[in-house]
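This report concerns only the one structure given below.
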Amino acid sequence: KLIAIKGITKSNDSNLLDKLQLMLEQLKNQEKEIAKLKKDLLSGANSDIKELIIGDIKVIIANLENVDIKTLREKIDDYKSKKDKIVSVLSTINADKVQFVIGVSKSITPLIKAGDIAKEFSGYIDGKGGGRPDMAQGGGNNSTNIDKALSDLEQYILNIIK
């Protein structure tokens with residue numbers, strides 16, 4: 001097996017370890033670059049993101065294709081750090097499965113809770129969801145209702161914060 005590894009890595013006894021370390025470092029750098037590109041892609045998708053202002057509360061709702069849940073969480077945190085009063089709902093569809101993350105600024109959690117929004121969202125996508133008052137997430141198996149879910153969710157949020 002060691003001979004096969006040397007053949008695949010095009011190395012010999014003296015440089016095998018160095019070659020493997022270099023390959024691991026390159027892989028790590030590529031993973032970081034992919035994460036950065038996904039984040040940049042999400043930032044560039046602003047035209048697909050619906051933004052509303054109700055009083056002094058900003059509401060952001062969007063479904064973004066093929067974005068991982070970690071990137072959604074990071075974007076929610078980014079929104080919350082930039083605005084004191086915000087409700088943000090981001091979802092994605094990967095392999096016909098819906099995943100979502102909901103963020104609510106702590107200052108408005110007495111008015112509206114992320115966990116309540118997650119439970120409402122879950123009903124549309126045959127899924128489950130929940131979490132804390134300021135951050136919740138979930139997922140489901142029915143991606144066919146995503147547009148209706150987001151539209152109804154917008155109305156649900158507006159009815160609460162008006």
Some residue of the range 140-160 being assigned to a strand (DSSP E or B) and in contact with a helix residue (DSSP H, G or I) (Cβ under 8 Å, 6 or more places away or on another chain): yes
Number of the condition not met by Thr109 [criteria: (1) buried (at least 18 other Cβ atoms within 10 Å of the Cβ); (2) of a type in the set (Val, Ile, Thr); (3) closer than 17 Å to Ile157 by Cα]: (1)
Any strands (runs of 3 or more DSSP E) falling wholly within the range 47-135 and containing at least 1 residues that are among the hydrophobic types (A, V, I, L, M, F, W, C): 50-54, 57-65, 86-94, 97-104
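Values in this text are rule-based calculations from the coordinates and carry no lab data. Only a predicted model underlies this, so the values are computations on that prediction, with no experimental measurement involved. All Cβ positions, glycine included, derive from the backbone under ideal geometry; neighbour counts span all protein chains shown.
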